[in-house]
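Structure first, commentary second.
The values are calculated or read from the model by the stated rules, or taken from the named source; none is laboratory data. Only a predicted model underlies this, so the values are computations on that prediction, with no experimental measurement involved. Every residue, glycine as well, gets a Cβ built from its backbone with ideal geometry; the counts of neighbours run over all protein chains shown.
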There are 2 protein chains.
Amino acid sequence: MKAHNFSAGPCILPPEVLRQASEAVINFDGLNLSLLEISHRSKNFVAVVEKTQALIKDLLDVPAGYSVLFVQGGASLEFVMVALNLMKKDGGKAAYTDTGAWAGKAIEEAKRQGEVVVVGSSKDKNYNFIPKGYEVPVGMDYFHCTSNNTIYGTQMKEFPKVDTLMVCDMSSDIMSRKVNVADFDLIYAGAQKNMGPAGATIVIVKDEILGKTGRDIPAYLNYKTHISKESMFNTPPVFSIYVMMLTMQWLKDNGGVEWIEEVNRQKAELIYNEIDRNPLFKGTAEVEDRSTMNACFLLNDESHTETFNEMWKAAGVSGINGHRSVGGYRASMYNALPLESVQVLVDVMKELEKKVG
Amino acid sequence: MKAHNFSAGPCILPPEVLRQASEAVINFDGLNLSLLEISHRSKNFVAVVEKTQALIKDLLDVPAGYSVLFVQGGASLEFVMVALNLMKKDGGKAAYTDTGAWAGKAIEEAKRQGEVVVVGSSKDKNYNFIPKGYEVPVGMDYFHCTSNNTIYGTQMKEFPKVDTLMVCDMSSDIMSRKVNVADFDLIYAGAQKNMGPAGATIVIVKDEILGKTGRDIPAYLNYKTHISKESMFNTPPVFSIYVMMLTMQWLKDNGGVEWIEEVNRQKAELIYNEIDRNPLFKGTAEVEDRSTMNACFLLNDESHTETFNEMWKAAGVSGINGHRSVGGYRASMYNALPLESVQVLVDVMKELEKKVG
């Protein structure tokens, strides 16, 4: 039995992507060589990089003037790169929202490079909502927000209009819904949720915003390096980029971001309806800010924990333990998770009600 | 026919490693889940990280007091991290040897952080030898060298004794021969030659040398972060680490570094003997500094180029075109390349002699 994989990331990928990836590890492109043992500068792999970029541009409708880059180090290294590339060397200032543990780490890194103004925070409510209605002061080098907070199950439904550069960490909901890339100056995301396996980070950046800080930036940490070298400044994470290409092709073949947005809406509706209907459970995030990617919920009576855990495990459900800072359960429903898996979990929740309710 | 893969990196891996890696992409550890879709904090993957560390410590006989870390960004990011972690914030100074393009990039990055003294250089001879007999001035924060220069086919056969910290980029010959790790304070290597696929970098660092520069180092770039988080500060390159584990297990099962050092010696002897014997060819590196990993050679008469190229391609040889800065040919003979592949190439060189000599 294939598990129903609700893992928070690295997370479920489409079965046909895994099959193709597995084959390429033995024989890539009919070369009689593994994808893992060819030069990253071979024409076959250069074609992979170019196709992955083209698919991302196509799926997100990336306007002219933006570059799509593949780097390493995850969002954690992006926290550093964003500040180095966008915050002025002298008197640098940026506005951040504090919507969770990862947003907090982004803030910490920016503080090493300049002044940070936290313009909206949900920290005092254990990040169970998305701050709104804040003002971004004038004179900021950029504004930074996190679109989806996996640990707490909150998601920005709208993005503020700001009078400075708009930067967003979309690690956990990129490619899950339509966004207007033109409204952003820099988007970054670790690949290991909706885009592919761990090991690659994507950056979508408006070229003209770079090179204006007065800083001498280390080559690897400078977005301009990766633009000028077309993401081949050094050996890229070959396998991760290849699997990203397969995953983006899967998304496109099935109807693109518009299609997956509707699937994700249905999955979220199914589980949140059950959380709200079933007297045994309660959601942890404010209703209007609930994430379509990560549904966080608790048992009202913790004495049912053992019974519930046995039941969902017996049903083949995997990966729904909540993060330690919220507790309870977290059902992560990334793009490749089918509606059927959510139905299996919802059925278990209903069965529990019959059994102990 | 399986190709004889002389690729300079990413490069050949053992067939049994590729088979196991391919299987794990479908079903890892009997979990009915792909290795790509499980949490990096799951006990199954934590076991992978721990086992890979233990294998590296075992194979290289790493002494107590050293940490083995997995990071991302390749040697290019290590160039930055070494300088940030070891060069004093005020009045920092380090000594570097300049033995090739990558050594040169390491120097460039260190110059952003402090003063660099180049103590030995082979630049004026297109890096065709390893400088020796240089003195490292007093007052240096560390000494940095590159053990093997893939582009030029040169390799340090001995390491100097220095009165400062000893740092070495072993990206292209780590695990190919015995080194006394206790003679080094920091060793780093991109995995994609002898250790596994692209996407992971390993660092072996003596813990006590860290935290002494007076710098406020970004979290990701601080080795202490990765030590304290056991290489799980953020999502690590899961697949690359797993394949590294398989490759290190393959090395251990076959007899470890002592065994592969002898195999590598035989491979190098076979090809260099032919380069020296066959009047059609000449080696580009000084004989005493010839690399066991990368043999660089030229045709004395370039009019034979097309014939030779056709012949080695017909024999199933792949990846021996030289780097553009040296020209000619480069046979990279990393650990997983069997002696038989070198014999095939040598046979082609002999056939060319019969045909046109």
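What the table below lists for this structure:
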item	result
Top-ranked residue in the stretch A:233-247 [being of a type outside the set (V, I, T) and outside any loop (DSSP other than H, G, I, E, B); ranked as surrounded by the fewest Cβ atoms within 10 Å (Cβ to Cβ)]	A:L246
Looking only at the stretch A:106-118, and only at residues there that are within 11 Å of chain B (Cβ to nearest Cβ) and surrounded by fewer than 19 Cβ atoms within 10 Å (Cβ to Cβ), the one that is nearest to A:S291 (Cα to Cα)	A:E108
Residues that are more than 17 Å from the chain's Cα centre (by Cα) and not hydroxyl-bearing (S, T, Y), drawn from the stretch A:236-255	A:P236, A:P237, A:V238, A:F239, A:L246, A:Q249, A:W250, A:K252, A:D253, A:N254, A:G255
Candidate set from the stretch A:221-232 (those that are of a type in the set (A, V, I, L, M, F, W, C) and farther than 11 Å from A:H40 by Cβ); member that is surrounded by the most Cβ atoms within 10 Å (Cβ to Cβ)	A:L221
Qualifying position, being under 22 Å from the mean Cα position of the chain (by Cα), over 25 Å from B:V263 (Cα atoms) and more than 14 Å from chain A (Cβ to nearest Cβ), among B:M175, B:M170, B:M166, B:M156	B:M166
Sole residue being in the same structural domain as A:L69 (by TED's automatic domain parsing), of a type outside the set (K, R) and in a loop (DSSP other than H, G, I, E, B), chosen from A:M140, A:M81, A:M166	A:M140
Of all residues in the stretch A:1-17 being of a type outside the set (A, V, I, L, M, F, W, C) and in a loop (DSSP other than H, G, I, E, B), the one that is farthest from the other protein chains (Cβ to nearest Cβ)	A:P14
Residues satisfying the stated conditions in the stretch A:106-134, i.e. charged (D, E, K, R) and outside any strand (DSSP E or B)	A:E108, A:E109, A:K111, A:R112, A:K123, A:D124, A:K125, A:K132
Criterion: closer than 18 Å to B:T235 by Cα and free of Cβ contacts under 8 Å to residues at least 40 places away in the same chain - qualifying residue of A:G104, A:G91	A:G104
Single residue of the stretch A:276-301 satisfying the filter (among the hydrophobic types (A, V, I, L, M, F, W, C) and surrounded by fewer than 23 Cβ atoms within 10 Å (Cβ to Cβ)) that is farthest from the chain's Cα centre (by Cα)	A:L280
In the stretch A:18-51, residue surrounded by the fewest Cβ atoms within 10 Å (Cβ to Cβ) [restricted to those that are within 9 Å of chain B (Cβ to nearest Cβ) and β-branched (V, I, T)]	A:I26
Lone qualifier among A:R265, A:R324 - being closer than 28 Å to A:D61 by Cβ, without any contact (Cβ under 8 Å) to a residue 40 or more places away in the chain and outside the structural domain of A:R177 (by TED's automatic domain parsing)	A:R265
Qualifying residue in the stretch A:141-151 (condition: surrounded by fewer than 22 Cβ atoms within 10 Å (Cβ to Cβ) and within 22 Å of the chain's Cα centre (by Cα))	yes
Pairs where the first residue, in the stretch B:189-217, is among the basic types (K, R) and the second is in a helix (DSSP H, G or I), C-beta under 7 Å, 6+ apart	B:R215/B:L84
Number of the exception - A:A8 against (1) under 30 Å from A:W312 (Cβ atoms); (2) in the same structural domain as A:G100 (by TED's automatic domain parsing)	(2)
Selection from the stretch B:52-75 of residues that are within 12 Å of chain A (Cβ to nearest Cβ), small (G, A, S) and touching an Asp or Glu at 6+ places or on another chain (Cβ under 9 Å)	B:A75
B:V62 β-branched (V, I, T), touching a strand residue (DSSP E or B) at 6+ places or on another chain (Cβ under 7 Å) and more than 16 Å from B:P237 (Cβ to Cβ)	yes
Selection within the stretch B:143-163 - in a loop (DSSP other than H, G, I, E, B) and not charged (D, E, K, R)	B:S147, B:T150, B:I151, B:Y152, B:G153, B:M156, B:F159, B:P160, B:V162
Residue match in the stretch A:305-315 (condition: surrounded by 13 or more Cβ atoms within 10 Å (Cβ to Cβ), of a type outside the set (V, I, T), free of Cβ contacts under 8 Å to residues at least 40 places away in the same chain and over 17 Å from A:N5 (Cβ atoms))	no
Residue list for the stretch B:110-140, restricted to those being under 23 Å from B:A285 (Cα atoms), among the charged types (D, E, K, R) and touching a strand residue (DSSP E or B) at 6+ places or on another chain (Cβ under 6 Å)	B:K123
Residue in the stretch A:77-95 that is nearest to the other protein chains (Cβ to nearest Cβ), counting only those that are over 18 Å from A:C145 (Cβ atoms) and crowded, with 22+ Cβ neighbours inside 10 Å	A:L77
Members of the stretch A:184-222 found to be part of a helix (DSSP H, G or I) and either touching a Pro at 6+ places or on another chain (Cβ under 7 Å) or more than 25 Å from A:P160 (Cα to Cα) (or both), listed by number	A:A219, A:Y220, A:L221
Enumeration of residues in the stretch B:316-351 that are surrounded by fewer than 23 Cβ atoms within 10 Å (Cβ to Cβ), within 14 Å of chain A (Cβ to nearest Cβ) and among the basic types (K, R)	B:R324
Options B:I260, B:I271; residue that is touching a strand residue (DSSP E or B) at 6+ places or on another chain (Cβ under 9 Å), over 25 Å from B:L84 (Cα atoms), away from chain A (no Cβ under 14 Å) and not acidic (D, E)	B:I271
Every residue from the stretch B:154-175 that is within 25 Å of B:L55 (Cβ to Cβ) and out of contact with any Leu (no Cβ under 7 Å at 6 or more places or on another chain)	B:Q155, B:M156, B:F159, B:M166, B:C168, B:D169, B:M170, B:S171, B:S172, B:D173, B:I174
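Yes/no matrix, rows are residues, columns are (1) out of contact with any helix residue (DSSP H, G or I) (no Cβ under 6 Å at 6 or more places or on another chain); (2) at pLDDT below 95; (3) part of a helix (DSSP H, G or I):
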{"position": "B:Q249", "(1), (2), (3)": "yes, no, yes"}
{"position": "B:W259", "(1), (2), (3)": "yes, no, yes"}
{"position": "B:K267", "(1), (2), (3)": "no, no, yes"}
{"position": "B:N273", "(1), (2), (3)": "yes, no, yes"}
{"position": "B:A285", "(1), (2), (3)": "yes, no, no"}
{"position": "B:A295", "(1), (2), (3)": "no, no, no"}
{"position": "B:L298", "(1), (2), (3)": "yes, no, no"}
{"position": "B:T305", "(1), (2), (3)": "yes, no, yes"}
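Yes/no per residue for (1) away from chain A (no Cβ under 14 Å); (2) within 22 Å of B:G73 (Cβ to Cβ); (3) basic (K, R):
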| position | (1), (2), (3) |
| --- | --- |
| B:V205 | yes, yes, no |
| B:L210 | yes, yes, no |
| B:K224 | yes, yes, yes |
| B:F239 | no, yes, no |
| B:V243 | no, yes, no |
| B:G256 | yes, no, no |
| B:Q266 | yes, no, no |
